[in-house]
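First up is the structure itself, then whatever we jot down about it.
The values are calculated or read from the model by the stated rules, or taken from the named source; none is laboratory data. It should be emphasised that the depicted structure is a prediction, and the values quoted were computed from it without experimental measurement. Neighbour counts are summed over all protein chains in view; Cβ atoms, including those assigned to glycine, are modelled from backbone coordinates with ideal geometry. Just the protein is used for accessible areas: all its heavy atoms, side chains included, with ligands, DNA and RNA removed. Shrake-Rupley method; radii C 1.70, N 1.55, O 1.52, S 1.80 Å.
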Amino acid sequence: MTLNEMTAKEVSKKVINKAELFILDVRNESDFNDWKIEGENFEFLNIPYFDLLDGVEEIIDKIPANKEILVVCAKEGSSIMIAEMLSEAGLDVSYLKGGMKAWSEHLEPVKIGDLNNGGEIYQFVRLGKGCLSYMIISNGEAAVIDSTRMTDIYVDFADSIGAKITHVFDTHLHADHISGGRKIAESANATYWLPPKDATEVTFEYQPLEGGKVVTIGHTAINIHALYSPGHTIGSTSFVVDEKYLLSGDILFIDSIGRPDLAGLAEDWVGDLRETLYTRYRELSDELIVLPSHFMIIEELNEDGSVAKKLGELFVENHGLNIADETEFRELVTGNLPPQPNAYQEIRETNMGKITPDEEKQREMEIGPNRCAVR
Amino acid sequence: MMNSDKMLDAKGLACPMPIVRTKKAMNDLQSGQVLEIHVTDKGAKADLAAWSKSGGHELVETAEENEVLKFWIRKG
């Protein structure tokens, strides 16, 4: 029967639309358990391709006849082989083009809303890794925040709407993904902003982003107010955009909060994290829409695929914002932490400019989920 | 470096070929004999280990030399 190719973009649509899909993941068991495609109505079967070399007869009855079937592997090769075998056995199947590598790199732009004076704000959802980045556009100018290393996507997007990227920000020195910030800034001749306390070891020029600083995008002023909010890293900085949106970086997520240990100083920073979440953020308007830099679980996505919620609602619903006892809070964010992101030390060094791995190596370093939160 | 009874050069091959070739080469060996495999596909590392285990073979040794991954698998 038929054998089709399915792109990461098509899979994204299914995640967002909560469509049904049966995924036969043919990677080895440990890779599958570590990280996989997530969807609310997705069903999974994990059988490594190397256990199917003699034939797929044994698994045919484990595959539902009435569902769309997608075969997935790391880079595509094995999934094509297994999909061909299934197709010869009479099934209609697809394989994921580019495999988990393509899934990890796919970004889905979602419009969050309009800004004053005709501006717009977009969220770029990296479904495969749970990373969120942003573009703010106003009067032909654009700012990019917490960009991934897939820099062409932002540059092309800005081009397509006729905007010039003039400012690039990172809310903090990332440990889970390689920032494309410096590359975008260099190619667009834009200003690259980093919090100086996170940038003490960087090997390149940047503009120090400090609390109280206001950067204007476009002639009619979309203001970005920097708000020093340490805790995930010592330099972590949030932004209030157009007095309406709170870009919370890796400090506050929808259903969790940032972990303070990825730069190695959990005990020192737990106090900062608590102060940011329980004092500094409390002073902000409840009406601000929180736009974080990550999501951890697919349930954090809104109907349109965006990840956003009012600060006031998070104060009620987010467990991490509702721990009255300081000792209990300290235990939550320093004890029983989940495993660190894959290659997080090397990723930090890359973002500091200390090492320059080639693209294949960068891809490999970023394998897996972001793991930046505690719940 | 340990001795091997047969050598498989799978350099330059992408997944799934290193394992497909390894399986074929293994068929020509007797139980207890050792197959040496050279690959450049990084993904083969975890997969060859898992494949050996599920097939009842023993991954005796691994080495990395100038981007080439080397494996010695004893047939079960």
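The helix-based estimate of mean residue ellipticity at 222 nm for chain A, built from -39,500 (n - 2.57) per DSSP H run of four or more residues and divided by its residue count, is -7000 deg cm²/dmol to the nearest 500. Beta bridges assigned by DSSP with both partners in the range B:6-74 are antiparallel in approximately 70 percent of cases. For the range A:62-220, DSSP calls about 60 percent of its internal beta bridges antiparallel.
For A:GLU20 and A:PHE204, the difference between the fully extended length at 0.36 nm per residue and the C-alpha to C-alpha distance is 61.6 nm.
Considering only A:SER229, A:SER293, A:SER160, the Gaussian network model of chain A with Cα springs below 10 Å gives its largest mean-square fluctuation to A:SER160.
For an R0 of 25 angstrom, estimate the FRET efficiency from the Cβ-Cβ distance between B:LYS11 and A:ALA89 and round to the nearest 0.05.
Details: r = 32 Å, r/R0 = 1.30.
It comes out at approximately 0.15.
Solvent-accessible surface of protein heavy atoms, probed at 1.4 angstrom with all chains present, puts A:CYS131, B:CYS15 in the order B:CYS15, A:CYS131, largest first. Among the chymotrypsin sites (Phe, Trp or Tyr not before Pro) within the range A:1-93, not one is in coil by DSSP while having at most 12 neighbouring Cβ atoms inside 10 Å.
Charge tally for B:LYS6 (other residues, Cβ to Cβ under 9 Å; Lys, Arg +1; Asp, Glu -1): -3. Net charge near A:ARG348: determine it from the other residues with C-beta under 10 Å of the C-beta of A:ARG348, scoring Lys and Arg +1 and Asp and Glu -1. Result for the local shell: -4. With no solvent and one point per C-alpha, what does the Debye sum give as log10 I(q)/I(0) for chain A at q = 0.08 Å⁻¹? Debye curve over Cα of chain A, log10 I(q)/I(0) at q = 0.08 Å⁻¹: -0.42.
How much length is gained on full extension from A:GLU243 to A:ARG282, taking 0.36 nm per residue of separation minus their Cα-Cα distance? Kindly include the intermediate steps, with their values, before the conclusion.
Working: separation 39, 0.36 × 39 = 14.04 nm, distance 1.53 nm.
My answer for the length gained is 12.5 nm.
Projecting the Cα atoms of A:PHE204, A:LEU246, A:VAL11 onto the charge dipole of the protein assembly as shown (Cβ charges, centred on the Cα centre) puts A:PHE204 farthest toward the positive pole. Can you list the residues of the range A:77-117 with backbone N under 20 Å from a point 7 Å past the Cα of A:THR2, pointing along Cα to Cβ? The answer is A:80-98, whose backbone nitrogens lie closer than 20 Å to the label point.
A crude spin-label estimate for the pair B:LYS42 and A:GLU58, with each label 7 Å from Cα along the Cβ direction, gives 3.1 nm.
Whole-Hz Karplus values for the range A:107-120 come out as 10, 10, x, 10, 6, 8, x, 8, 10, 4, 6, x, x, 9 Hz, taken residue by residue from phi with 6.51 cos²θ - 1.76 cosθ + 1.60 and θ = phi - 60°; glycine and proline positions read x.
These residues, B:LYS23, B:LYS53, go from largest to smallest accessible area, 1.4 Å probe, as B:LYS53, B:LYS23.
Extension gain for the segment A:GLU360 to A:ASN336, taken as residue separation times 0.36 nm less the Cα-Cα distance, is 5.4 nm to one decimal. For helix A:266-275, what angle does its Cα long axis make with the longest principal axis of chain A, in degrees from 0 to 90 and rounded to 10? It is inclined by approximately 70 degrees. Each of A:ALA324, A:TYR122, B:HIS38 was scored by the projection of its Cα onto the charge dipole of the protein assembly as shown, and the greatest displacement toward the positive side belongs to B:HIS38; charges sit on the C-beta of Lys, Arg, Asp and Glu. Over all pairs of different C-alpha atoms in the range A:3-103, the reciprocal of the mean inverse distance, the Kirkwood hydrodynamic radius, equals 13.3 Å.
Between the amide H of A:LYS213 and those of A:ALA226, distances stay under 5 Å, these residues lying 5 or more places away or on another chain, with hydrogens modeled in the peptide plane. Using a probe of 1.4 Å on the protein chains alone, the accessible area found for A:GLU346 is around 70 Å². Both numbers refer to the Cα atoms of chain B; Rg and Dmax are 10.9, 31 Å. Look at where the Cα atoms of the range A:323-347 and of the range A:71-131 average out, and the two centres are 30 Å apart. DSSP finds beta bridges in the protein assembly as shown, and of those with both partners inside it, around 60 percent are antiparallel.
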